[in-house]
1. Can you find, within segment 269-281, the residue that is nearest to LYS138 (Cα to Cα) among those that are touching a helix residue (DSSP H, G or I) at 6+ places or on another chain (Cβ under 8 Å) and in a helix (DSSP H, G or I)?
2. Among ILE375, ILE370, ILE364, which is among the β-branched types (Val, Ile, Thr), over 17 Å from LEU103 (Cβ atoms) and modelled with pLDDT of 95 or more?
3. Which residue out of THR235, THR224 is over 21 Å from the mean Cα position of the chain (by Cα), assigned to a loop (DSSP other than H, G, I, E, B) and either at pLDDT below 95 or of a type in the set (Val, Ile, Thr) (or both)?
4. Quick one: is LEU300 among the aliphatic types (A, V, I, L, M), out of contact with any strand residue (DSSP E or B) (no Cβ under 7 Å at 6 or more places or on another chain), open to solvent by 10 Å² or more (accessible area, probe 1.4 Å) and under 21 Å from ARG120 (Cβ atoms)?
5. Scan PHE288, PHE284, PHE321 and give me the residue that is aromatic (Phe, Trp, Tyr) and under 22 Å from GLY136 (Cβ atoms).
6. Are any residues in segment 324-355 under 22 Å from GLY136 (Cβ atoms) and hydrophobic (A, V, I, L, M, F, W, C), and if so, which ones?
7. Count, please, the residues in segment 284-300 that happen to be touching a helix residue (DSSP H, G or I) at 6+ places or on another chain (Cβ under 9 Å) and farther than 20 Å from ARG267 by Cβ.
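The values are calculated or read from the model by the stated rules, or taken from the named source; none is laboratory data. These numbers were taken from a predicted model, which means no experiment stands behind them. Virtual Cβ from ideal backbone geometry, glycine too; neighbours counted across all protein chains shown. Side chains are part of the model used for accessible areas, which takes the heavy atoms of the whole protein and leaves out ligands, DNA and RNA. Shrake-Rupley method; radii C 1.70, N 1.55, O 1.52, S 1.80 Å.
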Amino acid sequence: MKNPVLDQLIQLRRQIHQHPEISGEEVNTAAAVVTFFKDLKYSHIETQVGGTGVLVTFDSGKAGKSLLFRAELDGLPIQEEGDLHYKSVDEGKGHQCGHDGHLTILAGVGAWLSENPPKRGKVHLIFQPAEENGEGAKAVMNDERFKGLKFDEVYALHNLPGYPLGQIVVKENSFTAAVNSIIIKIKGKTSHAAEPEKGLNPSLAVAEILNGLETFQNNNPELTDFRLITPVYVTMGSQDYGISAGDAEIHLTLRSWTNDGLADLERSVIQLAEEVCKKHHLIFDHEFLAHFYANENDQLCVDAVRNSAESAALDILEQSFPFKWGEDFGIMTTEFKGCMFGLGSGEDQPALHNPDYDFPDELIPKGIAIFTSLIKNQLK
């Protein structure tokens, strides 16, 4: 890649890093992407896709495969630490997942396609909003302009701290976990704290449910029936010492390697909570939020990534089991053949979502290289 273009991309990433926008609020981030493309050659551009998303299309006008590449626009509700000169200027917001780097890589792919348009088929670049809360990919797929498109293959990458810079990490089948968050809602009846017998205090039910959840745990990532339940928040009653509590909530995240495994786990948790609440004469309800489908990688698409990594002279690591975190690209792999893969961002990098994480600029050309290699190989 020519140095002036790389310099422009680094400037774009640092601009986005300095002005992060969290899920659903990525108006200025999307505008920066559109501005980057204004002097480039492309076939079509759509804005406000699934909210703030930007879809750029390069169409050869000739028969061939239709490929989709995705990057994310949103940052995190995290206070950045450190002393970068382009440190986030927005209190409590930061790009500690590296989405600023992902979108910069995809912008670089757009710059390359502007100079090297596909000779057959189509390439679509989707800059997607709201990945972090699990709503963005779903919203994009529900957008009528997107629903009218068909893709033969879909691809996305995620940077991976702890892996050598530029290493390509691949795995067939599940690449990331299926994840859902659930709120267990318990309603009893308040009473005077001196007379708890005249009310329905949910404390014993809360304890019983939390204890019972342990029977479903199988937190061994090397096993195919991996299951993980993490209590993230528990609340009960109020800080009024004359009142015996009458309601409670238990907030959990549930994880499994497959979408079917997650559905089984959800049913088990709900059944346990229902039975315990019934036993204690309490009213049970629940709510799901932040659902991430497992990224189910197609074998042929994984092979395409392997071949393209070799073409781009990038090292390849075969991952033996999936990553525990959720990624909403998974919903796209339920409808289209695709592959999410990892891109090592350095062995000494802080972990994702750490307040001092910063996407390394040296990774930008490597990310562009793997995507452009995929385009060249798949549209021969």
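1. VAL269
2. ILE375 is the lone residue from the list that is among the β-branched types (Val, Ile, Thr), over 17 Å from LEU103 (Cβ atoms) and modelled with pLDDT of 95 or more.
3. Answer to the check: THR224.
4. yes
5. Answer to the selection: PHE288.
6. TRP325, PHE329, ILE331, MET332, PHE336, CYS339, MET340, PHE341, LEU343, LEU352
7. Here the count works out to 4.
Yes/no per residue for (1) touching a Pro at 6+ places or on another chain (Cβ under 7 Å); (2) surrounded by fewer than 20 Cβ atoms within 10 Å (Cβ to Cβ):
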site	(1), (2)
THR57	no, yes
LEU84	no, yes
GLY92	yes, yes
GLY98	no, no
LEU106	no, no
PRO117	no, yes
VAL123	no, no
GLU153	no, yes
VAL169	no, no
